[in-house]
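The structure appears below as structure tokens.
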Amino acid sequence: MKKKKDDENLTPWARYQKEHNQRNRTKKSSKLGGAKRGTAKKHPGKKRNKLTQKKVRQPLHIGKGIKIGLLSLIGILILVTIYLCAPISRVQTIAVQGNKRVEKSDILKKVTVRKNDVIPATWFKERGDEAHLIHKLPDLKDAQISVSLLGNVKIKVRENAVMGYVVRNKYYYAVRQDGTVSKKKCYPTRW
């Protein structure tokens, strides 16, 4: 009897909320396996409500090949960094071969490679230095610069052969193999 009296004293809004709560309780019990109302059957064609669905985040799977590739790239970068920081990556010696008339100091002044330069940087300078040597020292016919990974730089030069001498203003000047006359005064050996 008390329930009927309580229902009569409720406002229409409160009555609606009470009925709504009772309906939700019965739905929850049917989802839990029908513990209160008996057996609840799941309908295979029925879709679940979006609000009741739980979103499960799947972990990001990276393939084995990508992992191996990334690890090898990181390993190579570490090895390159160690090499560039080590003293073995610096130029240790510079040797000049094949020069007879041209001084070694003149050749070394015209080359941009110096001791303690980083070896990979000298690889980019090789071709430019070879052309610069031939241009600045006309007594040279050919120049080759080779840089080894251990820091040894070899400069191999070939000189223009002297074909004869010319006398100008009481001084001797060498005539090179290509027909040009040297600008340096020279003193030929006596015949």
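Summary of computed values
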quantity: Spatial separation of Cα centroids for segment 144-181 and segment 101-122, in angstrom; calculated: 17
quantity: Nearest-10 value in Å² for the accessible area of VAL167, using the 1.4 Å probe; calculated: 90
quantity: Positive-end extreme of charge dipole, segment 66-182 - chosen from GLY164, LEU77, LEU150 (charges on Cβ); calculated: GLY164
quantity: Accessible area, probe 1.4 Å, largest first, for residues LEU10, LEU133; calculated: LEU10, LEU133
quantity: Rg ratio (alpha-carbon, reference 2.2 N^0.38 Å) - segment 94-191; calculated: 1.25
quantity: Label zone at ILE134, where the point sits 7 Å out along the Cα-to-Cβ direction: segment 141-177 residues whose backbone N lies under 14 Å; calculated: 141-145, 156-160
quantity: Estimated FRET transfer efficiency (ASP106, LEU150; beta-carbon r; R0 30 Å; 0.05); calculated: 0.70
quantity: Mean Cα-pair separation over length for segment 102-191, i.e. relative contact order, pairs under 8 Å, 6 or more apart, %; calculated: 16
quantity: Solvent accessible area, Å² - LEU84, 1.4 Å probe, full protein context; calculated: 70
quantity: Segments 152-158, 99-105, 75-81 sorted - mean Cβ within 10 Å per residue, highest first; calculated: 152-158, 99-105, 75-81
quantity: Using a Förster distance of 30 Å, the FRET efficiency for GLN22-ARG57 (Cβ separation, nearest 0.05); calculated: 0.25
quantity: Relative packing of peptides 107-113, 55-61, 19-25 - highest average C-beta neighbours within 10 Å first; calculated: 107-113, 19-25, 55-61
quantity: Distance in nm between pseudo-label sites at CYS186 and THR11 (7 Å out along the Cβ direction from Cα); calculated: 11.9
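The values are calculated or read from the model by the stated rules, or taken from the named source; none is laboratory data. Owing to the predicted nature of the structure, the values given are computational and were not obtained by experimental measurement. All Cβ positions, glycine included, derive from the backbone under ideal geometry; neighbour counts span all protein chains shown. Accessible surface is based on the protein model in full, side chains and every heavy atom, while ligands, DNA and RNA are left aside. Shrake-Rupley method; radii C 1.70, N 1.55, O 1.52, S 1.80 Å.
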